[in-house]
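Read through the structure below, which is laid out as structure tokens, and then see the notes.
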């Protein structure tokens with residue numbers, strides 16, 4: 001039932017200017033099949049801006065984003081999240097004063113439509129689900145801790161757990177391995193592969209680490225100076241001379 | 001984990017019930033002076049606890065909470081004195097006006113964050129204050145509204161078989177019940193799913209929107225709830241005090257409640273109540289010794305902020321055990 005829907009996400013003629021700087025100038029692509037899509041590009045290419053435009057954090061100047069067939073440029077991040085578009089952030093971004101358990105529980109509460117209930121008391125409701133999600137991302141033994149007690153790699157896994165708890169159909173991860181050690185990176189790549197399989201969700205990531213991109217993505221969109229310069233499977237991207245020139249050659 | 005949590009819950013409920021019964025017993029043996037003092041403390045504790053819904057649980061630092069207390073006080077006072085309505089109706093109206101004022105101000109305030117939110121709450125409280133201060137015909141202006149009649153509470157003393165109870169003693173029991181209901185409502189809210197959502201907003205509002213929370217709506221809702229409870233407290237206080245004056249809703253009053261909440265500890269449910277009780281006691285005691293209450297208050301605040309930022313409750317917790325309470 002949850003097979004990747006046709007045209008899960010469509011981005012059409014998207015433009016965004018900040019103080020005269022054209023961060024995104026005419027981006028078109030759509031996601032209809034495939035599992036893991038990656039947006040790559042040099043620093044300042046507009047990857048994070050593109051993410052912010054898609055997830056409703058910023059409004060585009062021109063163009064349109066369509067999610068599951070309905071235009072969503074005017075929707076709030078919250079309503080997009082409830083429709084199944086969930087994102088994580090480049091920097092670890094969790095609820096620091098809540099326990100790991102509560103971090104995950106809050107996302108479940110919110111996305112199961114119980115966020116407005118004042119009765120009955122919450123207590124340990126959803127404990128099974130929290131446990132299940134924590135096991136999926138490998139932090140099941142850390143539920144009683146607080147995010148700041150976790151090592152950096154585990155904080156990112158908690159971030160992922162919060163995202164999964166929101167029951168995504170499309171999950172956008174902004175540099176999921178940024179700042180990680182190589183062993184954490186390997187673990188995260190394996191984890192993401194497994195989650196995509198197990199939960200049957202579509203992943204859209206931005207990533208700096210080419211190793212991660214080529215081992216994870218089955219489609220790569222290359223962004224440079226706010227425009228798409230290449231879009232294809234990893235082999236095509238590897239062979240593309242334009243990409244080599246602006247990006248791969250540099251790194 | 002499960003059993004312990006359940007036990008904790010039952011213990012807390014038992015303790016709260018014991019506290020309620022203990023406070024209810026006070027007028028039966030304590031001299032009237034203490035009854036009056038406790039009545040004041042109960043109402044103010046309820047008020048600062050309602051502020052804590054915003055400050056402690058949602059991370060919204062309101063500098064204008066006294067405005068809704070004042071609105072409630074005027075509503076109750078005017079309806080009883082000028083319109084001659086019964087106390088019960090007037091009190092409900094006090095809560096309603098507090099909530100309505102909070103909805104009006106909150107609609108704008110929740111659009112802003114951090115210090116801008118605080119400034120806007122302050123601005124609205126000054127506007128509400130100015131209206132009540134200037135509307136001579138209705139509110140009595142700077143003279144205030146005095147001589148509000150006590151409701152007829154002889155049925156309480158009769159029911160309890162204590163015909164010797166004064167109105168003040170009976171009224172204390174009424175206050176206690178109303179405050180207990182308000183506190184129970186607040187307890188239900190903070191331990192519900194909504195309570196957890198409020199705390200996600202406190203911790204990281206942007207992240208909260210990305211788990212699907214319409215943060216503005218939630219903030220407005222809790223602002224209205226806090227305003228309603230403040231209005232009810234104001235209604236109680238108007239009768240207790242037998243008068244309503246504009247400084248009930250002046251910004252210094254808002255600061256006073258905020259100080260009480262911080263003093264007791266905004267990181268906990270009961271902290272603000274303990275803060276208000278302690279400060280009222282200290283106020284009373286220092287008044288007997290010195291005229292320099294503000295000076296004493298300043299020193300207390302200084303020590304507390306520098307040495308014990310989690311307030312009296314935090315201090316108490318450190319003595320009893322070291323586990324995190326929230």
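The values are calculated or read from the model by the stated rules, or taken from the named source; none is laboratory data. Model, not experiment: these values are computed from the prediction. Note that each Cβ is placed from the backbone with ideal geometry, even for glycine, and that neighbours are counted across all protein chains shown.
Inside region A:77-93, can you point out the residues that are part of a loop (DSSP other than H, G, I, E, B) and either closer than 13 Å to residue A:167 by Cβ or at the interface with chain B (Cβ under 7 Å from one of its Cβ atoms) (or both)?
Those that are part of a loop (DSSP other than H, G, I, E, B) and either closer than 13 Å to residue A:167 by Cβ or at the interface with chain B (Cβ under 7 Å from one of its Cβ atoms) (or both): A:84, A:93.
Does residue A:18 satisfy the criteria of being in contact with a helix residue (DSSP H, G or I) (Cβ under 7 Å, 6 or more places away or on another chain) and farther than 15 Å from residue A:173 by Cβ?
When the stated conditions are applied, residue A:18 does not pass them.
Kindly provide the set of residues from region A:25-59 that are in a loop (DSSP other than H, G, I, E, B), more than 12 Å from residue A:14 (Cα to Cα) and more than 14 Å from chain B (Cβ to nearest Cβ), ordered by number.
A:32, A:33, A:34, A:35, A:41, A:42, A:43, A:44, A:45
May I ask you to list the residues in region A:145-168 that are surrounded by fewer than 17 Cβ atoms within 10 Å (Cβ to Cβ) and closer than 17 Å to residue A:108 by Cα? Spell out the reasoning first.
Here is the first cut: in region A:145-168, the residues surrounded by fewer than 17 Cβ atoms within 10 Å (Cβ to Cβ) are A:145, A:148-149, A:151-152.
Within region A:145-168, none qualify.
Can you spot a residue in region B:163-184 that is within 13 Å of chain A (Cβ to nearest Cβ), surrounded by fewer than 23 Cβ atoms within 10 Å (Cβ to Cβ) and part of a helix (DSSP H, G or I)?
At the first step, the residues of region B:163-184 found to be within 13 Å of chain A (Cβ to nearest Cβ) are B:184.
Filter again for surrounded by fewer than 23 Cβ atoms within 10 Å (Cβ to Cβ), leaving B:184.
The next check asks that each one be part of a helix (DSSP H, G or I); those that pass are B:184.
Yes, because at least one residue in region B:163-184 is within 13 Å of chain A (Cβ to nearest Cβ), surrounded by fewer than 23 Cβ atoms within 10 Å (Cβ to Cβ) and part of a helix (DSSP H, G or I).
Determine which member of the set B:282, B:306 is touching a helix residue (DSSP H, G or I) at 6+ places or on another chain (Cβ under 8 Å), more than 14 Å from chain A (Cβ to nearest Cβ) and either in a helix (DSSP H, G or I) or closer than 17 Å to residue B:186 by Cα (or both).
After ruling out the rest, the residue left standing is B:282.
Only one of these is in contact (Cβ under 8 Å) with a residue 40 or more places away in the chain and closer than 24 Å to residue B:98 by Cβ: B:277, B:301. Name it.
Working: B:301 fails: closer than 24 Å to residue B:98 by Cβ.
From the options B:277, B:301, the qualifying one is B:277.
Only one of A:148, A:159 is in a helix (DSSP H, G or I) and more than 10 Å from chain B (Cβ to nearest Cβ); which?
A:148
Taking the condition in a helix (DSSP H, G or I) and buried (at least 17 other Cβ atoms within 10 Å of the Cβ), does residue B:91 pass?
In short, yes.
Conditions first: (1) assigned to a helix (DSSP H, G or I); (2) touching a helix residue (DSSP H, G or I) at 6+ places or on another chain (Cβ under 6 Å); (3) facing chain A (nearest Cβ under 7 Å); (4) under 17 Å from residue A:56 (Cα atoms). Residue B:207 passes all but one, so which condition is the exception?
(2)
Out of curiosity, is residue B:22 more than 19 Å from the chain's Cα centre (by Cα) and either surrounded by fewer than 21 Cβ atoms within 10 Å (Cβ to Cβ) or at positive phi (or both)?
Criteria met by residue B:22.
The conditions are (1) over 23 Å from residue A:209 (Cα atoms); (2) in the same structural domain as residue A:17 (by TED's automatic domain parsing), and residue A:108 fails exactly one of them. Which is it?
The single condition residue A:108 does not satisfy is (2).
What is the residue count in region A:123-144 for residues that are more than 9 Å from every other protein chain (Cβ to nearest Cβ) and loosely packed, with under 14 Cβ neighbours inside 10 Å?
Of the residues in that region, 3 qualify.
Can you say whether residue A:199 is in contact (Cβ under 8 Å) with a residue 24 or more places away in the chain and buried (at least 22 other Cβ atoms within 10 Å of the Cβ), as far as the supplied structure shows?
Against the criterion (in contact (Cβ under 8 Å) with a residue 24 or more places away in the chain and buried (at least 22 other Cβ atoms within 10 Å of the Cβ)), residue A:199 does not qualify.
All but one of (1) in contact (Cβ under 8 Å) with a residue 60 or more places away in the chain; (2) assigned to a helix (DSSP H, G or I); (3) buried (at least 16 other Cβ atoms within 10 Å of the Cβ) hold for residue A:172; state the number of the condition that does not hold.
Here residue A:172 clears every test but (2).
Could you please give the count of residues in region A:95-122 that are assigned to a loop (DSSP other than H, G, I, E, B) and either touching a strand residue (DSSP E or B) at 6+ places or on another chain (Cβ under 8 Å) or facing another protein chain (nearest Cβ under 7 Å) (or both)?
Summing the residues that are assigned to a loop (DSSP other than H, G, I, E, B) and either touching a strand residue (DSSP E or B) at 6+ places or on another chain (Cβ under 8 Å) or facing another protein chain (nearest Cβ under 7 Å) (or both) in region A:95-122 gives 12.
In region B:70-87, what residues are in a helix (DSSP H, G or I) and without any contact (Cβ under 8 Å) to a residue 60 or more places away in the chain?
As a first pass, look at region B:70-87 and keep what is in a helix (DSSP H, G or I): B:70-81, B:87.
Scanning region B:70-87 gives a single hit, B:79.
Among the listed residues B:56, B:101, B:64, identify the single one that is assigned to a helix (DSSP H, G or I) and farther than 30 Å from residue A:144 by Cα.
Every option except B:101 fails the conditions.
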